[in-house]
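The values are calculated or read from the model by the stated rules, or taken from the named source; none is laboratory data. All values derive from a computational prediction rather than experimental measurement. Neighbour counts run over all protein chains shown; Cβ positions are idealised from the backbone, glycine included. Side chains are part of the model used for accessible areas, which takes the heavy atoms of the whole protein and leaves out ligands, DNA and RNA. Shrake-Rupley method; radii C 1.70, N 1.55, O 1.52, S 1.80 Å.
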Amino acid sequence: MQFLEPALPLASRAGGTSSAGSVVGGRRFSDYPQAFCWSNGTLKPMVANRSSAVFDVSKYGKTGVGSNPVDKTIAPVATKWTISAAGTSAAVSLGDLAGGVAESEAKRISGDGTTIVGWGTSGSGVSAFRIVGTGTMAALGDLPGGKYFSEATGVSTDGSVVVGRSHSTKGPEAFRWTSAGMVGLGDLPGGPFCSEATGVSGDGTIVIGTSASAVETDLFLWTTATGMRSLVALC
């Protein structure tokens, strides 16, 4: 392990990295928390307001996504930055969903850099979103039943598959979204009904996450062929 900021090793947090590991984005804490980018050995503060953060970096390290409050307010707004050898661009707001309060976060960017996912606040409630290319933020909806809520936490390499968490009639539930819609992935046997998807393979066929089970919180692996299985059981 190498500290990216030796002067303040306990006051920074990495959010995402490029595939080669040469670019890392995250949040640093000095007088106040602020988004940062570490590129080829150099720490570069992002052009951003207080309480900003980078949550992910594209495959080749050219784009960072996260949140940046507007006008120094505490409400986060989904944001992207362009990263280059010369430095980073000013924060570019990705907006919010229609209705509700102006609050959103960009959580992940696809490997090819074309798709950004996260959560925003709509008139119905908090909803997972997807932005493709230079398009606008589109809500992905939520699972039927329960309170209206969904949040995207992972996206496939080409941006066609999105995973995250929502609330169904059974309770908090992991989901997988494609152009056909959002599908709940269930949970592991035992314990209360509760699951959350935290990542997805590049081709979108494998989903990983956490779920309540007979052994309390467990890690799961899901595929279309096998459904949700405990990683503890597989080992």
Carbon + sulfur, % of accessible area of the chain - ligands and nucleic acids excluded, 1.4 Å:
56
Work out, step by step, the length gained on full extension between residue 71 and residue 98: first 0.36 nm times the residue separation, then minus their alpha carbon distance; give nm to one decimal.
7.7 nm
Between the stretch 72-119 and the stretch 13-67, how far is it from one alpha carbon centroid to the other, in angstrom?
12
The pairs in 107/170; 59/170; 44/107 lying past 29 Å Cα-Cα in this model are 59/170
Only four residue types carry charge here, +1 at the Cβ of Lys and Arg and -1 at the Cβ of Asp and Glu. Report the dipole size of the chain about the Cα centre in Debye, rounded to the nearest 20.
360
Comparing 98, 225, 20, which has the greatest mean-square fluctuation in the GNM of the chain with Cα pairs linked when under 10 Å apart?
225
Ranking request for peptides 153-165, 193-205: highest mean number of other beta-carbon atoms within 10 Å first, then the rest in descending order.
153-165, 193-205
Under a 10 Å cutoff between Cα atoms, tell me which one of 141, 191, 113 has the largest fluctuation in the Gaussian network model of the chain.
191
Report, by chain and number, residues whose modeled amide H sits under 5 Å from the one on residue 193, excluding near sequence neighbours (fewer than 5 apart, same chain).
none
Label-point separation (nm) for residue 90 and residue 233, each offset 7 Å from Cα along Cα-to-Cβ?
5.4
I'm spelling it out carefully: the read-out is Cα Rg over 2.2 N^0.38 Å, the candidates are (i) 1.19; (ii) 1.02; (iii) 1.08, and one was derived from this structure. Which label?
(ii)
Å² per residue, accessible surface of the chain at 1.4 Å:
48
CD proxy, 222 nm, the chain: helix-only mean residue ellipticity via -39,500 (n - 2.57) per DSSP H run with n ≥ 4, per residue, nearest 500, stands at 0 deg cm²/dmol
From the backbone phi of the stretch 137-154, what are the Karplus-calculated ³J(HN,Hα) couplings (6.51 cos²θ - 1.76 cosθ + 1.60, θ = phi - 60°) in whole Hz, Gly and Pro given as x?
5, 10, 5, 9, x, 8, 6, x, x, x, 6, 6, 6, 7, 9, 8, 10, x
Please turn the phi angles of the stretch 27-40 into ³J(HN,Hα) values with the Karplus equation 6.51 cos²θ - 1.76 cosθ + 1.60 (θ = phi - 60°), one per residue in order, whole Hz, x for glycine and proline.
9, 10, 10, 10, 6, 7, x, 8, 4, 9, 9, 9, 10, 6
Could you calculate the contour length gain from residue 82 to residue 43, that is, 0.36 nm times the residue separation minus the distance between their Cα atoms, to one decimal place in nm?
12.5 nm
Phi-based couplings in Hz for the stretch 184-195 (Karplus 6.51, -1.76, 1.60; Gly and Pro marked x)
x, 9, x, 8, 7, x, x, x, x, 6, 6, 8
Taking the simple approach of a point 7 Å from Cα along Cα-to-Cβ for both residue 217 and residue 14, what is their distance in nm?
2.1
